[in-house]
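The values are calculated or read from the model by the stated rules, or taken from the named source; none is laboratory data. Everything quoted here is computed from the prediction, not taken from an experiment. Cβ atoms come from the backbone with ideal geometry, glycine included; neighbour counts cover every protein chain shown.
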Amino acid sequence: MILGNGLLATLDRRDQRGPYGLVPGGWLRIEDGLITETGGPESAPAPDIDLNGRLVTPGLIDCHTHLVWAGSRSDEFERRLNGETYADIARAGGGILSTVRATRAATRADLLAAALPRLDRLMAEGVTTVEIKSGYGLDLDSELRCLAVARMLGELMPVSVVTSYLGAHALPPEYATNRAGYLDLICETVLPEVARRGLADAVDAFCETIAFTPTEVDRVFTAAHGLGLPVKLHAEQLSDQGGAQLAARHRALSADHIEYLSPEGVAALAQSGTVAVLLPGAFHYLKETQLPPVAALRAAGVPIAVASDLNPGSSPVNSLLTTLNMACVLFRLTPEEALAGVTANAARALGLDDRGRIAPGLRADLAIWDAARPGDLCHPLGVNPLAAVIRGGALTRGRL
Ligand SMILES: [Zn+2]
């Protein structure tokens, strides 16, 4: 199949291409699910499908979500706006532990039914690959169930699902006075079982004063390596814990949030090739004021990705297009950086080298938009110009 006369935002800066790796009047050939050839108008063969100048980007990649959960925390949002404090709500059993209770009580079918529309909303905006974390079950059975549901979503829907085991997300109530016991459970019981069943592609942790210490995370990461699993980290979201340096020592795929990342942390990420994943949705909902050190990341050449962090509490952002806008408005990323953050660099944050750009040899995962410029994906809010999605060479949404 040859698609012709498109505005290709290849996100491939080789061949001296300008911003976005843009090719006006571009064409591409798809064979056996892969892009085998691309070019500009000078070399265009007769196309099977005329794109009429529409914008073509790589299929979008949301590289950080928590989209499998049960229950709702919208009541807490309302209570806070009616004057209750976070501490009041936490004392009354709210916060992340309310999601843990609801998720533990949910069956596989419940979780699947809740997650499917969330996933579909992301896919309706051109997402072809999504990362999904566990971390709301915390005990063995619930974590296995959530990861199995995430895997099932990837079988039921035309989307690639990449999973991360996030046992070190919060201390479960039954271990409230036994932190070491919970670390034992993660490292000696849950993680080995997750690995044995092939349910996780990576291991994640939350390194923060309200979550786990660098020493505790180090233990989880060491266990992950022992099972051959790569790691990633929720780091420096609310304070500087030196999480980025820890992540870099473990050759982490990504360090995520990083509002409080120090210059030493930036240098460590640059040295290890770890991707910095920015999550402006959580920044927005928490009304944070500490900005991630974007200029320092740029200067050090750290690849920057952007993700929704879709979760029921701190980032109920079920939209990667909204996230692109927030990355530009709140974090001052350029639209090109933001778009690279949900394509080429998001692929890298997941350890995937077969997607994220439009280039020969990569998967034919493409989003086709009724948009005149790539920046149109970042500029408005509440506008979805998606026209069609091609995944693995097959049309999975819309019309061409
Ligand atoms: Zn997260």
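Restricting attention to the range 88-138, report how many residues are in contact with a helix residue (DSSP H, G or I) (Cβ under 7 Å, 6 or more places away or on another chain), farther than 18 Å from ASN318 by Cβ and at pLDDT 95 or above.
5
Do we find that GLU155 is charged (D, E, K, R) and part of a helix (DSSP H, G or I) in this structure?
So GLU155 passes the test.
Would you confirm whether or not the range 283-303 contains a residue that is buried (at least 24 other Cβ atoms within 10 Å of the Cβ) and more than 16 Å from the ligand (Cβ to nearest atom)?
yes
Table: residues versus (1) among the hydrophobic types (A, V, I, L, M, F, W, C); (2) within 22 Å of LEU330 (Cβ to Cβ); (3) modelled with pLDDT of 95 or more.
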{"position": "VAL203", "(1), (2), (3)": "yes, no, yes"}
{"position": "CYS207", "(1), (2), (3)": "yes, no, yes"}
{"position": "THR215", "(1), (2), (3)": "no, no, yes"}
{"position": "ASP218", "(1), (2), (3)": "no, no, yes"}
{"position": "ALA223", "(1), (2), (3)": "yes, no, yes"}
{"position": "ALA235", "(1), (2), (3)": "yes, yes, yes"}
{"position": "GLN241", "(1), (2), (3)": "no, no, yes"}
{"position": "PRO263", "(1), (2), (3)": "no, yes, yes"}
{"position": "THR274", "(1), (2), (3)": "no, no, yes"}
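Pairs only if they're at least six apart or on different chains, beta carbon under 9 angstrom, first in the range 261-284 and aromatic (Phe, Trp, Tyr), second part of a helix (DSSP H, G or I) and within 16 Å of the ligand (Cβ to nearest atom); list them, first residue then second.
If the second residue must be part of a helix (DSSP H, G or I) and within 16 Å of the ligand (Cβ to nearest atom), the pairs left are PHE283/MET326.
Could you please find all residues in the range 161-205 being without any contact (Cβ under 8 Å) to a residue 60 or more places away in the chain, within 16 Å of the ligand (Cβ to nearest atom) and over 30 Å from PRO58 (Cβ atoms)?
Matches in the range 161-205: GLY167, ALA168.
Kindly indicate whether any position in the range 325-335 is within 16 Å of the ligand (Cβ to nearest atom), closer than 22 Å to VAL68 by Cβ and at pLDDT 95 or above.
There is no residue in the range 325-335 that is within 16 Å of the ligand (Cβ to nearest atom), closer than 22 Å to VAL68 by Cβ and at pLDDT 95 or above.
Scan the range 40-89 residue by residue and report those that are within 16 Å of the ligand (Cβ to nearest atom) and out of contact with any strand residue (DSSP E or B) (no Cβ under 7 Å at 6 or more places or on another chain).
TRP69, ARG73
Considering only residues that are more than 16 Å from the ligand (Cβ to nearest atom), of a type in the set (A, V, I, L, M) and either modelled with pLDDT under 95 or within 22 Å of LEU350 (Cα to Cα) (or both), which ones fall in the range 139-160?
Matches in the range 139-160: LEU144, ALA148, VAL149, MET152, LEU153, LEU156, MET157, VAL159.
Among the candidates LEU67, LEU97, LEU8, which residue alone is of a type in the set (A, V, I, L, M), part of a loop (DSSP other than H, G, I, E, B), under 30 Å from ARG118 (Cα atoms) and within 28 Å of the chain's Cα centre (by Cα)?
LEU67
Only residues in the range 339-357 that are assigned to a helix (DSSP H, G or I) count as the first member; pair them with residues that are among the charged types (D, E, K, R), Cβ under 6 angstrom, at least 6 apart or cross-chain, and list the lot.
ALA344/ARG357; ALA347/ARG355
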